[in-house]
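What follows is a single structure, and I will ask about it in a moment.
The values are calculated or read from the model by the stated rules, or taken from the named source; none is laboratory data. No experiment lies behind these values; they were computed from the predicted model shown. Cβ atoms come from the backbone with ideal geometry, glycine included; neighbour counts cover every protein chain shown. Areas reflect the complete protein model, heavy atoms only, side chains present, ligands, DNA and RNA absent. Shrake-Rupley method; radii C 1.70, N 1.55, O 1.52, S 1.80 Å.
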Amino acid sequence: MKCPKCGQNDDKVIDSRLAIDESSVKRRRECLKCGYRFTTVEEVIPEEIKVIKRNGEREDFDRSKVRTGIVNACYKRPVSSDDIDRIVDSITRQILGECQPEVASARIGDLVMEHLKKLDQVAYVRFASVYRQLQDVREFATEVRGRKK
């Protein structure tokens with residue numbers, strides 16, 4: 001593992017712990033050259049699942065993209081990183097559990113919206129505005145009214 005401070009490739013693992021979801025391992029490392037300590041995360045790379053985008057293109061499923069979308073929706077909201085990680089883990093497990101080689105991006109978006117609906121109304125509407133490509137105030141109002149049902 002390359003040290004983020006000095007770039008040296010020599011380090012030792014000081015501590016290893018299971019992450020909250022127990023599907024990844026956090027390792028505390030120390031650079032043997034400069035003594036800098038840093039944390040890495042190891043996770044199982046799931047089977048190759050392709051995401052079918054709106055335009056028909058296919059790309060590898062990337063949980064970091066799901067996380068980025070959720071983080072953007074939750075910007076300056078009272079939502080913790082742990083909450084976001086739990087949502088990403090849940091969505092990833094759902095997709096893997098469906099045992100399909102491909103998943104539509106719309107399916108992923110729907111799953112994100114389900115989770116955000118329960119977590120934070122503002123984050124839900126923010127995500128919906130991008131995901132559903134809402135164009136004007138009327139569409140926002142319709143989305144919010146639909147949220148309260």
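Consider Asp83 against the criteria (1) open to solvent by less than 60 Å² (accessible area, probe 1.4 Å); (2) within 20 Å of Lys53 (Cα to Cα); (3) modelled with pLDDT of 90 or more: it satisfies all of them except one. Which criterion is unmet?
(2)
Hey, another quick one. Just wondering, is there one or more residues in segment 94-107 that are open to solvent by less than 30 Å² (accessible area, probe 1.4 Å) and within 22 Å of Lys50 (Cβ to Cβ)?
The answer is yes, given that some residue of segment 94-107 is open to solvent by less than 30 Å² (accessible area, probe 1.4 Å) and within 22 Å of Lys50 (Cβ to Cβ).
Taking segment 96-148, which residues are more than 16 Å from Cys74 (Cα to Cα), of a type outside the set (A, V, I, L, M), modelled with pLDDT of 80 or more and assigned to a helix (DSSP H, G or I)?
Residues satisfying the conditions are Gly97, Ser105, Arg107, Asp110.
Next question. Answer with yes or no whether Arg67 is at pLDDT below 90, under 22 Å from Glu22 (Cα atoms) and either open to solvent by 70 Å² or more (accessible area, probe 1.4 Å) or within 14 Å of the chain's Cα centre (by Cα) (or both).
Taking the combined requirement at face value, the residue does not satisfy it.
What are the residues in segment 3-26 that are of a type in the set (D, E, K, R), within 23 Å of Val88 (Cβ to Cβ) and open to solvent by less than 60 Å² (accessible area, probe 1.4 Å), if any?
Asp21
Tell me yes or no: at least one residue of segment 29-41 is closer than 20 Å to Phe127 by Cβ and modelled with pLDDT of 90 or more.
no
Something else now. Determine the pairs where a residue that is closer than 16 Å to Lys117 by Cβ, located within segment 59-83, has a partner that is aromatic (Phe, Trp, Tyr) with Cβ atoms under 7 Å apart, the partner being 6 or more residues away or on another chain.
Gly69/Phe127; Ala73/Phe127
Name the residues in segment 1-25 that are more than 17 Å from the chain's Cα centre (by Cα) and either assigned to a loop (DSSP other than H, G, I, E, B) or modelled with pLDDT under 90 (or both), would you?
Scanning segment 1-25 gives Met1, Lys2, Cys3, Pro4, Lys5, Cys6, Gly7, Gln8, Asn9, Asp10, Arg17, Leu18.
If you don't mind, there's one more thing I want to ask. For the condition within 28 Å of Ala128 (Cβ to Cβ) and assigned to a helix (DSSP H, G or I), what is the one hit in Arg93, Arg77?
Step by step, each of Arg93, Arg77 is checked, and only Arg93 is within 28 Å of Ala128 (Cβ to Cβ) and assigned to a helix (DSSP H, G or I).
Mind listing just one residue for me: the one in segment 36-64 that is of a type outside the set (D, E, K, R) and assigned to a loop (DSSP other than H, G, I, E, B) and, of those, least open to solvent (accessible area, probe 1.4 Å)?
Ile49
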